[in-house]
Amino acid sequence: MEPITLTGGERAVLLIHGLQSSPAELQPLAKRLHQAGYTVHLPHIRGYGFEHGDDPRSVTHWQDWHSKVLAEFHTLKQRHHSVAVGGLCIGAVLSLSIAAELGDEVAALSLLSTTLWYDGWSMPWYRFMRYVGYYSPARYLYKWREREPFGLKNAQLRKWIAREMSHSDASMVGASTLNLPAIQEAERLIKSVKTSLHRISAPALIIHAEEDDVATPRSARHVAAHIGSTKVESILLHDSYHMITIDNERERVAAETIRFFNSAMPEASS
């Protein structure tokens, strides 16, 4: 999977995709930000994102994910007046992770379907067994298969994703399976971020679906209650599931993100 860069103006946005997924799930948002004048960069993070031919032993540590995103941010900051960060699912958690380290260097945050708990209604009842699997030799064998509704309330999109998943190991919404080492590292990242939310100062927009099938709004409420930022906005969607960047309300997600970034990131004076 290749990174995507849409070259625009002096204001830049770094967008981080979800666990074992790819930049494709953020392309609709990236295109709208680019149309609004932003330079947008969507990196692909090896050992975190999906790549054909990967196996569970390809997963790297969450600290490596953090370091890669940090490096991507610094590269953008060298070339642009200001840089905002946004992410979907665990990508939102990674956004929080670097914001806790960088402080005021991050111009703004767009936190989409932030996942601090895997407590959504489509999560399998036996998910608690993963804690046993983390420390079992079987950790490299078990895979958590993605299934309906694939984070999508839109029935037409869901049908298309199901068709893609039936004959491929990935789709627009990510890998067809999640492996235990990746989930374990994500939960280690989550644990770290929960303890560092108070250190974040960037203005934060939190968008979450009321019916999120992966992570209930509990995660969004926790971020809003514990983040150190003085400017925090929360939006609850009512016609989407987890994949809010491509589901029914994707246009609203893009519009609200652009509005928020415009207010937090004034254009550089000429």
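Would you mind stating whether S136 is over 27 Å from R221 (Cβ atoms), hydroxyl-bearing (S, T, Y) and modelled with pLDDT under 95?
In short, yes.
I need every pair where a residue in region 156-170 that is more than 19 Å from N248 (Cβ to Cβ) has its Cβ under 8 Å from the Cβ of a residue that is modelled with pLDDT of 75 or more and part of a helix (DSSP H, G or I), sequence separation at least 6 or different chains.
Partner pairs satisfying both residue conditions: none exist.
Could you list all residues from region 25-61 that are aromatic (F, W, Y) and modelled with pLDDT under 95?
Y48, F50, listed by residue number.
I need the full set of residues from region 230-248 which are out of contact with any helix residue (DSSP H, G or I) (no Cβ under 6 Å at 6 or more places or on another chain), more than 25 Å from A24 (Cβ to Cβ) and either in contact (Cβ under 8 Å) with a residue 40 or more places away in the chain or not in a loop (DSSP other than H, G, I, E, B) (or both), in order please.
If the condition is that a residue be out of contact with any helix residue (DSSP H, G or I) (no Cβ under 6 Å at 6 or more places or on another chain), more than 25 Å from A24 (Cβ to Cβ) and either in contact (Cβ under 8 Å) with a residue 40 or more places away in the chain or not in a loop (DSSP other than H, G, I, E, B) (or both), then E233, L236 are the ones that fit.
Residue-wise test of (1) more than 16 Å from the chain's Cα centre (by Cα); (2) under 21 Å from D104 (Cα atoms); (3) at pLDDT below 95; (4) of a type outside the set (F, W, Y).
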{"site": "T195", "(1), (2), (3), (4)": "yes, yes, no, yes"}
{"site": "R218", "(1), (2), (3), (4)": "yes, no, no, yes"}
{"site": "H222", "(1), (2), (3), (4)": "yes, no, no, yes"}
{"site": "V232", "(1), (2), (3), (4)": "yes, yes, no, yes"}
{"site": "E249", "(1), (2), (3), (4)": "yes, no, no, yes"}
{"site": "V253", "(1), (2), (3), (4)": "no, no, no, yes"}
{"site": "T257", "(1), (2), (3), (4)": "no, yes, no, yes"}
{"site": "F260", "(1), (2), (3), (4)": "yes, yes, no, no"}
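Could you say which residue among A255, A220, A264 is surrounded by 15 or more Cβ atoms within 10 Å (Cβ to Cβ), of a type outside the set (S, T, N, Q) and under 30 Å from K159 (Cβ atoms)?
From the options A255, A220, A264, the qualifying one is A220.
Can you pull out the residues in region 1-14 that are under 11 Å from H44 (Cβ atoms) and in contact with a strand residue (DSSP E or B) (Cβ under 8 Å, 6 or more places away or on another chain)?
P3, I4 - these are the residues of region 1-14 that are under 11 Å from H44 (Cβ atoms) and in contact with a strand residue (DSSP E or B) (Cβ under 8 Å, 6 or more places away or on another chain).
I'm trying to understand the selection: among the residues of region 218-243, which are farther than 21 Å from L197 by Cβ and hydrophobic (A, V, I, L, M, F, W, C)?
L237, M243
Residue pairs, Cβ under 7 Å, 6 or more apart or interchain, first in region 108-132 and over 29 Å from A264 (Cβ atoms), second at pLDDT below 85. List them.
Pairs found: Y118/R127; S122/P149; R130/L180.
Inspect all residues belonging to region 149-170 and state whether any of them is over 30 Å from P266 (Cβ atoms), surrounded by fewer than 16 Cβ atoms within 10 Å (Cβ to Cβ) and at pLDDT 95 or above.
no
The values are calculated or read from the model by the stated rules, or taken from the named source; none is laboratory data. Computed from a predicted model, the values in this text were never measured in an experiment. Cβ sites come from the backbone with ideal geometry, for glycine too, and all protein chains shown count toward neighbours.
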